[in-house]
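The values are calculated or read from the model by the stated rules, or taken from the named source; none is laboratory data. Remember, it's a predicted structure, so these values are computed and weren't measured experimentally. FYI the Cβ positions are ideal-geometry reconstructions off the backbone, even for glycines, and counts take in every protein chain you see. Please note that ligands, DNA and RNA were not included when accessible areas were found on the heavy atoms of the full protein model with its side chains. Shrake-Rupley method; radii C 1.70, N 1.55, O 1.52, S 1.80 Å.
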Amino acid sequence: MDTRPIGVFDSGLGGLTAVRQLRRVLPGEDIIYFGDTGRVPYGSRGRQTILQYTRQDIRFLLSQNVKFLMAACGTVSSTYPTAEATRLPVPYTGVVGAAARKAAEATRNRRIGVIGTAATIRSGSYAALLRELVPDAVITARACPLFVPLVENGRVEPGDPITTPAIDLYLREVRDAGVDTLILGCTHYPLLKRMIGDYMGDDVTLIDPGKVTAIETAAALEDLKLTNGRSTGGTARYFVSDTPETFAELETLFLGEYAGGPVEQIAIENY
């Protein structure tokens, strides 16, 4: 048994969708979350800046004595080098692998869509892995740079006059490509799942990266004998790099029934 917490981080609050899923599948585990709300979004940044931010986020969570690291961020998961991740003192996972594997399993016509931040799509990480899993797949990838700020500002209700035309702008090409599976390649995007699902149609399977990665994380902790042995009573603590007031305004949206818990602002640039 290992009673240390699980560490989860994201560029902002989107990674809380992964925390919500982790609390569902691992109700006895403690979680520490860091949201870099002062520097969100990462997806429009250059690679070296993303790596600098990622390393600071990881150093902070390691200072909290976590036993496992989850980058609940498509941008980080697409950018952070695997070789560097393997040298970390605790196991690490991003969200790309689990989401790609689930999409490969779900597709029927081998036409798969991927949406994400500009950095995620530019990296080609999803497309490369999907082509290994489904060699003859036709992949349509689209960057959706407005989705993160829209979600961070709570513009997620069906019919929203700003988000609705943004979805049409970004997803028309993907829908017209005839995909039957769509990876929501950023952990912010599940907050738009209902709107995206309505636009894409009932025949398109939407892949939530936070959900599938939470399920794989639970299995990994079991395999590595890192679970704490509890089936209830897990807690969550939250850290942000900007004012906690924004977190308080949006936590119910992201965490649902798991909203609540201490929130503290830190100076991430010191790590």
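Observations on the structure shown:
- The single condition among (1) in a strand (DSSP E or B); (2) of a type outside the set (D, E, K, R); (3) open to solvent by 60 Å² or more (accessible area, probe 1.4 Å) that ASN109 does not satisfy is (1).
- Scanning the range 11-61 for residues that are touching a residue at least 12 places away in the same chain (Cβ under 8 Å) and among the basic types (Lys, Arg) yields ARG20, ARG23, ARG24, ARG39, ARG45, ARG47, ARG59.
- Residue check for THR17: assigned to a helix (DSSP H, G or I), within 15 Å of the chain's Cα centre (by Cα), within 16 Å of LYS211 (Cβ to Cβ) and not charged (D, E, K, R): yes
- Pairs where the first residue, in the range 173-184, is free of Cβ contacts under 8 Å to residues at least 40 places away in the same chain and the second is in a strand (DSSP E or B) and open to solvent by less than 30 Å² (accessible area, probe 1.4 Å), C-beta under 8 Å, 6+ apart: GLU173/THR140
- ASP36 being surrounded by 23 or more Cβ atoms within 10 Å (Cβ to Cβ), under 12 Å from the mean Cα position of the chain (by Cα) and among the acidic types (Asp, Glu): no
- Some residue of the range 247-263 being open to solvent by less than 20 Å² (accessible area, probe 1.4 Å), hydroxyl-bearing (Ser, Thr, Tyr) and not in a loop (DSSP other than H, G, I, E, B): no
- Selection from the range 60-90 of residues that are open to solvent by 20 Å² or more (accessible area, probe 1.4 Å), more than 22 Å from THR17 (Cα to Cα) and not in a loop (DSSP other than H, G, I, E, B): SER63, THR82, ALA83, GLU84, THR86
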